[in-house]
Amino acid sequence: MVAIGVLSMTLGGCASYRPAPPAFNAAINKPYVLDAGDRIRLTVFDQEGITNTYSVDQAGYISVPLVGSVPARGKTIQQIEAAVAAKLRKGFLRDPDVAVEIDRYRPVFIMGEVGAAGQYSYVPGMTAQKAIAAAGGFTPRANQADVDITRQINGESLTGRVIISEQVLPGDTLYVRERFF
């Protein structure tokens with residue numbers, strides 16, 4: 001009877017296993033796209049009134065003086081440079097020199113068996129293990145081998161299980177599960 005109980009617990013744990021979809025690894029190698037919560041530094045040469053930091057709002061736009069709202073959600077920094085330059089060429093500047101860089105990435109969220117669950121600043125190159133360390137490390141009950149990550153990919157929310165050395169992206173939600181034994 002004990003063996004049957006252990007077997008059912010083991011199989012029950014396997015039933016909820018969700019390996020990371022192939023899109024997880026592909027997303028890490030793609031150019032970074034902006035979303036709500038990101039902050040960019042926009043520089044327009046010789047235009048101090050426009051050069052500033054801008055946050056991507058909940059609707060996915062940045063608001064730039066003279067040109068107004070510029071769609072930013074799902075765009076790379078190169079696409080934002082081109083869009084702002086194009087709008088400035090329409091009656092404001094003859095040949096604008098625009099540069100954009102990420103000032104602050106949107107945060108990662110960490111839940112489950114960690115010291116202090118919550119929202120944490122993303123750092124380029126951050127792994128699940130480093131994110132967990134920022135959240136106070138594992139609790140004594142934590143499964144330390146792998147974590148579940150929920151990530152937005154092409155407008156779809158996907159969840160998969162990855163090893164803790166896997167890289168995370170801005171906006172990811174990490175869930176550290178409780179171990180069985």
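The values are calculated or read from the model by the stated rules, or taken from the named source; none is laboratory data. All of these numbers come straight from a predicted model, not from anything done at the bench. Note that each Cβ is placed from the backbone with ideal geometry, even for glycine, and that neighbours are counted across all protein chains shown.
Six or more apart or on different chains, Cβ under 7 Å: which pairs go from a residue in the stretch 145-174 that's touching a residue at least 24 places away in the same chain (Cβ under 8 Å) to one that's among the basic types (Lys, Arg) and not in a strand (DSSP E or B)? Could you list them?
Sorted first by the residue in the stretch 145-174, then by its partner, the pairs are ASP148/ARG177; THR159/ARG18; GLY160/ARG18; ARG161/ARG18; PRO170/ARG106; GLY171/ARG106.
Name the residues in the stretch 73-117 that are small (Gly, Ala, Ser) and out of contact with any Phe, Trp or Tyr (no Cβ under 6 Å at 6 or more places or on another chain), would you?
At the first step, the residues of the stretch 73-117 found to be small (Gly, Ala, Ser) are 74, 82-83, 85-86, 91, 99, 112, 115-117.
The answer is GLY74, ALA82, ALA83, ALA85, ALA86, GLY91, ALA99, GLY115, ALA116, ALA117.
With respect to ALA83, is the statement that it is among the small types (Gly, Ala, Ser) and closer than 21 Å to LYS30 by Cα true?
Values: among the small types (Gly, Ala, Ser): yes; closer than 21 Å to LYS30 by Cα: yes.
Against the criterion (among the small types (Gly, Ala, Ser) and closer than 21 Å to LYS30 by Cα), ALA83 qualifies.
Scan the stretch 72-80 and give yes if some residue there is more than 17 Å from LEU34 (Cβ to Cβ), surrounded by fewer than 15 Cβ atoms within 10 Å (Cβ to Cβ) and either out of contact with any Leu (no Cβ under 7 Å at 6 or more places or on another chain) or not charged (D, E, K, R) (or both), otherwise no. Walk me through how you get there before you give the answer.
Going residue by residue through the stretch 72-80, those that are more than 17 Å from LEU34 (Cβ to Cβ) are none.
Scanning the stretch 72-80 turns up no residue that is more than 17 Å from LEU34 (Cβ to Cβ), surrounded by fewer than 15 Cβ atoms within 10 Å (Cβ to Cβ) and either out of contact with any Leu (no Cβ under 7 Å at 6 or more places or on another chain) or not charged (D, E, K, R) (or both).
Considering only the stretch 102-115, I want to know if a residue exists there that is farther than 28 Å from LEU174 by Cβ, part of a strand (DSSP E or B) and either over 22 Å from the mean Cα position of the chain (by Cα) or not polar (S, T, N, Q) (or both).
Step one: list which residues in the stretch 102-115 are farther than 28 Å from LEU174 by Cβ, which gives none.
No; the residues of the stretch 102-115 include none that is farther than 28 Å from LEU174 by Cβ, part of a strand (DSSP E or B) and either over 22 Å from the mean Cα position of the chain (by Cα) or not polar (S, T, N, Q) (or both).
Pick out, from the stretch 21-75, the strands (runs of 3 or more DSSP E) lying fully within it that include 1 or more residues that are touching a residue at least 60 places away in the same chain (Cβ under 8 Å) and either closer than 30 Å to ILE164 by Cβ or aromatic (Phe, Trp, Tyr) (or both). Walk me through it before giving the result.
On the way: elements: 39-44, 52-55, 61-64, 68-71.
Filter on the stretch 21-75 gives 39-44.
Filter the stretch 129-151 for residues that are in contact with a Ser or Thr (Cβ under 8 Å, 6 or more places away or on another chain), among the β-branched types (Val, Ile, Thr) and crowded, with 19+ Cβ neighbours inside 10 Å and give the result.
Of everything in the stretch 129-151, just one residue is in contact with a Ser or Thr (Cβ under 8 Å, 6 or more places away or on another chain), among the β-branched types (Val, Ile, Thr) and crowded, with 19+ Cβ neighbours inside 10 Å, namely ILE149.
Looking at the structure I just gave you, is GLY91 under 23 Å from the mean Cα position of the chain (by Cα) and at positive phi?
On the way: under 23 Å from the mean Cα position of the chain (by Cα): no; at positive phi: yes.
It is false that GLY91 is under 23 Å from the mean Cα position of the chain (by Cα) and at positive phi.
Which members of the stretch 146-181 meet the condition of being in a loop (DSSP other than H, G, I, E, B) and farther than 17 Å from MET111 by Cβ? It would help to see each step written out before you state the result.
Initially, the stretch 146-181 is screened for residues in a loop (DSSP other than H, G, I, E, B), giving 154-155, 164-166, 168-172, 177, 179-181.
The answer is ASN154, GLY155, SER165, PHE180, PHE181.
Tell me, yes or no, whether the stretch 152-162 has at least one residue that is closer than 23 Å to GLN58 by Cβ, among the hydroxyl-bearing types (Ser, Thr, Tyr) and surrounded by 20 or more Cβ atoms within 10 Å (Cβ to Cβ).
Checked against the condition, which is being closer than 23 Å to GLN58 by Cβ, among the hydroxyl-bearing types (Ser, Thr, Tyr) and surrounded by 20 or more Cβ atoms within 10 Å (Cβ to Cβ), the stretch 152-162 yields no hits at all.
Specify which of the listed residues (MET111, MET126) is modelled with pLDDT of 95 or more, surrounded by fewer than 18 Cβ atoms within 10 Å (Cβ to Cβ) and over 22 Å from ASN52 (Cβ atoms).
Exactly one of MET111, MET126 is modelled with pLDDT of 95 or more, surrounded by fewer than 18 Cβ atoms within 10 Å (Cβ to Cβ) and over 22 Å from ASN52 (Cβ atoms), namely MET111.
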